[in-house]
Each structure stands twice: as C-alpha cells, then as structure tokens.
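Here's the structure we're looking at; comments come further down.
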Amino acid sequence: MDGLRLTRTGLVPEVQLFLAEDPTIFWARLEAQAGHKMPAPFWATAWGGGQAVARYVLDAPETVAGRRVLDLGSGSGLVAIAAAMAGASVVVANDIDPYASAAIRANARVNGVHVIPLSTDLLDLTPDAIADIRAEVVLAGDAFYNDQLADRVLPFLLAAAQRDTLVVAGDPGRGRIPSEDWQVVTTYPVSSLIGEDAELTAASVLTPRNYARLPVPG
C-alpha cells in the first residue's frame, strides 16, 4: 500500500514492519480512498509500549516459550511477532481494525513466523468466553492511549491474571495504569515516537501485583 515502508524500530531491530512514512498523511490517504471518515491507523505505527513488550519477550524468551500467547490490541503485530520469534507455541494477535489484521499477516510473513489474527472485540466477552482462547500469556503492548480504552483494558488484564494467566503490559508513561495494582518489571529507552508520545523517552514493562513473577532480563 502506498505510504507504507518496510522498516525496523530502534528498540526491536530483529523485527521488520510495514509502517507509515508519515502517519497523518497516510491516514488522510486512507480516508480519501474510502470516501468517508476512518479510525486512525494505529497499526501503521510502532508505539513505545509495544516496542518495550516486544523487546522484553525477546530478552526474556522464557516468558512465552512453549506457551499459548494472546497479543491484545496487536496493531502492527510487533509484539505477536516477537512472541513467535521467542518460541511461543501459538500466537493469537487480536485487533478489531480489519486493516490491522491485514498488516499482521503481511508483517508476520515478512518475518517468517506464524501468527493468527483475531478481529473479535475480546473486551466485550465474558471471562468464560475469553478462557476458550486458552491463552497462557496475555501481552498488551500499548493499550492505554486514552481513558476510555484504559477503563476497558485494565479490568480485562486483571481478570486474566486472576485466572493464573501471565500478563505483560507496556506503557510509555501516560499515567493511566494505577501503581497500586501494577508493578514495573523493567524499563527501556524509546525514541522517534510520534504525536502525543513525541516527548516520551522511556517505556516500561509492567505486570499485575501479587500474581506470577516475571523474569527480569539481564
């Protein structure tokens, strides 16, 4: 698609992604082609929180190796692809944007890994329905970019942790993750972010408090 370029992020150079050269221009081009308003193409950018989680699973592959992994709000598929590279047995990349599903397939293909796109809005499902996915690890790369989404994602992730699922989330410091419920595992420097994230210089990997402990990469 015009406006996308195969590139690598500074924090996760192992992964190649088709990303927008200019996200604003690319969004306008998508709307012009469609002839109507469209949601922002979040899948065409490698967000800081996603880069941090992808880096983490590559640095600490034992987190996902041999396990069934769900990547929530997968976007470009960066985190899902990293999990597959780290040895996950099955990786489901969930994003409700149909363009994201196409991007995930293309990005997985160019990186030589198998990832299963899933477009169902899991945040609307009951815990029993979510359990049908049988995920042993839930990754959420950058799912707290506005208050409304954070209010839906946080209970989902905490409910998953209560079912003995390993939960790993990334956040570049937007201030929407309550510290009383979450703890920082490690923090990575990030750069070349866009939009409201342009001034952010670090992204943290977090996990719910009082549940399974995550390895700290050396």
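Derivation of every value follows stated rules applied to the coordinates shown; laboratory data play no part. Since the structure is predicted, the reported quantities are computational estimates derived from the model, not experimental observations. Counting neighbours? That spans all protein chains shown, and the Cβs are built from the backbone with ideal geometry, glycine included.
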- Kindly indicate whether G141 is loosely packed, with under 14 Cβ neighbours inside 10 Å, of a type in the set (G, A, S) and either under 17 Å from the mean Cα position of the chain (by Cα) or within 22 Å of Y56 (Cα to Cα) (or both). no
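Going by the conditions given, is A46 touching a strand residue (DSSP E or B) at 6+ places or on another chain (Cβ under 8 Å) and small (G, A, S)?
Working: touching a strand residue (DSSP E or B) at 6+ places or on another chain (Cβ under 8 Å): yes; small (G, A, S): yes.
Considered against the rule, which asks whether it is touching a strand residue (DSSP E or B) at 6+ places or on another chain (Cβ under 8 Å) and small (G, A, S), A46 comes out as yes.
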- Item | Pairs, first of a type in the set (D, E) in segment 136-165, second surrounded by 20 or more Cβ atoms within 10 Å (Cβ to Cβ), C-beta under 7 Å, six or more apart | E136/T165; E136/L166; D142/W47; D142/G48; D142/G49; D142/G50; D142/G170
- segment 108-127 - residue that is touching a strand residue (DSSP E or B) at 6+ places or on another chain (Cβ under 9 Å) and within 12 Å of A84 (Cα to Cα) and, of those, surrounded by the fewest Cβ atoms within 10 Å (Cβ to Cβ): H114
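Yes or no, residue by residue, for (1) closer than 24 Å to D164 by Cβ; (2) among the aromatic types (F, W, Y); (3) within 15 Å of the chain's Cα centre (by Cα):
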site	(1), (2), (3)
A60	yes, no, no
A82	yes, no, yes
G112	no, no, no
S119	no, no, yes
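Take Q162 and decide whether it is out of contact with any Gly (no Cβ under 7 Å at 6 or more places or on another chain) and exposed (fewer than 14 other Cβ atoms within 10 Å of the Cβ).
Values: out of contact with any Gly (no Cβ under 7 Å at 6 or more places or on another chain): yes; exposed (fewer than 14 other Cβ atoms within 10 Å of the Cβ): yes.
The answer is yes for Q162.
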